[in-house]
Amino acid sequence: MRAFARFIGAGYLFYLLLLLPNIVSFAGYLWAWWTPVAVATVFGSGLWLGAAGIRGDSRLIRTVAAIAATAYLGAALTWPLAWVGQPSPDRAGFWLVLFPGLAALAAAVAWPAGLAVGYLLVATVAVQVFNQSAHTDQVNGPLLPDVLFAVVFSLLFVAAAVMALRTGRILDDTRAASHEAAAHAARATARAVERKRFAALIHDHVMATLLSAARLGTDPSVSRQAKHAIVRLDELRHPAPDVDFDAGSTVTHLRTSATASAPTVVVCADLDPAAIPVSLPAEAVRTIGAAVSEAVRNSMLHAGEKADRSVTVRIRPGQLEVEVLDNGRGFDVCAVSPHRLGVAVSIVGRLRQLPGGDAVVESQPGRGTRVLLSWRANA
């Protein structure tokens with residue numbers, strides 16, 4: 001819509017410059033005040049429409065387009081009332097008769113297609129009829145062919161504008177629906193990761209405790225291990241955002257996120273000894289976990305069957321980084337559309353919505369891909 005507004009505004013500017021001699025030559029046949037007022041309202045509203053297309057929203061553009069269309073039709077209908085001279089022997093048409101299609105384009109932006117086509121018919125017939133009456137019979141051509149030609153010629157541009165605007169609206173709706181579908185898929189993925197996390201909790205603590213009890217019996221270490229498992233299970237009763245992650249549970253969660261898409265992916269942990277007692281916000285860990293899952297999934301889909309993949313988790317005081325690497329096909333990062341949901345929404349968008357989060361995607365054709373996901377406290 002902004003593009004059409006700018007295009008129409010440029011058309012009004014072009015016609016103003018082109019028709020200045022015509023405007024001056026016919027001014028003597030009209031009331032003295034009519035020409036300045038008509039030129040100011042018709043071309044002023046058209047130029048205003050072009051300016052609205054630079055920074056205005058859709059509501060402003062529609063309003064100004066309606067004003068421009070109304071101004072043209074008002075000038076066309078009041079022109080015969082302002083005519084005070086004799087019919088002109090000049091073969092040049094009156095300046096209003098030369099651009100009804102441009103005003104109809106403004107009508108197409110402002111109103112539904114049916115009203116825009118009706119506007120074109122009324123405006124074209126009016127200016128053609130009045131133009132005939134403003135000239136002598138010696139310079140007038142047949143009225144009906146002139147009207148039909150003007151209507152058909154202008155209708156081509158109005159129909160193209162209507163279809164383009166309708167296509168734009170469909171694309172806007174489709175994009176919004178795609179982002180909503182991506183958000184829904186991200187929520188579903190988060191739930192799946194949570195289920196994987198619960199399974200890992202059962203495996204790493206409950207089953208490990210039971211196996212230890214089977215091997216060691218009543219050894220004190222089994223009792224300590226059982227108490228730790230009970231504490232971890234009790235954490236599930238609290239809302240997930242309220243439960244921070246320590247270094248070990250962070251690695252477990254991220255390992256689960258990665259292996260959810262590729263069970264054989266290699267996950268390594270690089271822990272700073274000073275970060276072992278660290279407490280990481282659950283939102284940061286879960287957000288990075290979801291992005292890791294998407295990055296590994298993309299690698300599985302696009303890197304190739306022979307590609308090797310690895311995930312490295314680095315934990316430092318107040319910092320969490322996850323690097324997802326593969327040596328597969330790679331791609332040109334600059335050539336990827338910003339509307340590709342896998343990268344724009346599920347990885348980069350997700351991390352940049354996280355306070356302190358960031359995501360970097362590096363790749364070259366034939367040289368693999370590197371995805372770096374990071375979070376820093378107080379960033």
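The values are calculated or read from the model by the stated rules, or taken from the named source; none is laboratory data. On a predicted model such as this, the values are computed, not experimentally measured, just so you know. All Cβ positions, even for glycine, are placed from backbone atoms using ideal geometry, and neighbour counts span all protein chains on display. Each accessible area value is taken on the protein alone, full model and side chains, heavy atoms only, with ligands, DNA and RNA left out. Shrake-Rupley method; radii C 1.70, N 1.55, O 1.52, S 1.80 Å.
Going by what's in this entry, would ASP204 be described as among the acidic types (Asp, Glu), open to solvent by less than 70 Å² (accessible area, probe 1.4 Å) and at pLDDT 85 or above? Working first, answer last.
Values: among the acidic types (Asp, Glu): yes; open to solvent by less than 70 Å² (accessible area, probe 1.4 Å): yes; at pLDDT 85 or above: no.
The answer is no for ASP204.
Tell me which residues, restricted to region 267-303, are exposed (fewer than 14 other Cβ atoms within 10 Å of the Cβ) and touching a residue at least 24 places away in the same chain (Cβ under 8 Å). Explain how you work it out, then say what you get.
Filtering region 267-303 for residues exposed (fewer than 14 other Cβ atoms within 10 Å of the Cβ) gives 268, 270, 272-274, 276-277, 279, 301.
Passing the criteria: CYS268, ASP270, ASP272, ALA274, ILE276, PRO277, SER279.
Can you tell me which residues in region 57-97 are polar (S, T, N, Q), open to solvent by 20 Å² or more (accessible area, probe 1.4 Å) and either within 49 Å of the chain's Cα centre (by Cα) or closer than 23 Å to LEU17 by Cα (or both)?
Scanning region 57-97 gives SER58, THR63, THR70, THR78.
Would you call VAL84 of a type in the set (A, V, I, L, M) and over 19 Å from ILE8 (Cβ atoms)?
Numbers: of a type in the set (A, V, I, L, M): yes; over 19 Å from ILE8 (Cβ atoms): yes.
The answer is yes for VAL84.
I'd like the full set of residues that are outside any helix (DSSP H, G or I) and either touching a residue at least 24 places away in the same chain (Cβ under 8 Å) or under 14 Å from ALA103 (Cβ atoms) (or both), limited to region 37-61.
Taking region 37-61 first, the residues outside any helix (DSSP H, G or I) are 56-57.
Selection gives GLY56 alone.
Can we say ARG169 is farther than 22 Å from GLY50 by Cβ, basic (Lys, Arg) and either surrounded by fewer than 15 Cβ atoms within 10 Å (Cβ to Cβ) or under 41 Å from the mean Cα position of the chain (by Cα) (or both)?
Values: farther than 22 Å from GLY50 by Cβ: no; basic (Lys, Arg): yes; either surrounded by fewer than 15 Cβ atoms within 10 Å (Cβ to Cβ) or under 41 Å from the mean Cα position of the chain (by Cα) (or both): yes.
Judged against the criteria, ARG169 is not a match.
Would a scan of region 137-144 turn up a residue that is without any contact (Cβ under 8 Å) to a residue 60 or more places away in the chain, in a helix (DSSP H, G or I) and over 30 Å from MET1 (Cα atoms)? Walk me through it before giving the result.
Quick first cut of region 137-144, residues without any contact (Cβ under 8 Å) to a residue 60 or more places away in the chain only: 137-144.
Applying the additional criterion that residues be in a helix (DSSP H, G or I) yields 143-144.
With over 30 Å from MET1 (Cα atoms) added as a condition, the list becomes 143-144.
Yes, some residue in region 137-144 is without any contact (Cβ under 8 Å) to a residue 60 or more places away in the chain, in a helix (DSSP H, G or I) and over 30 Å from MET1 (Cα atoms).
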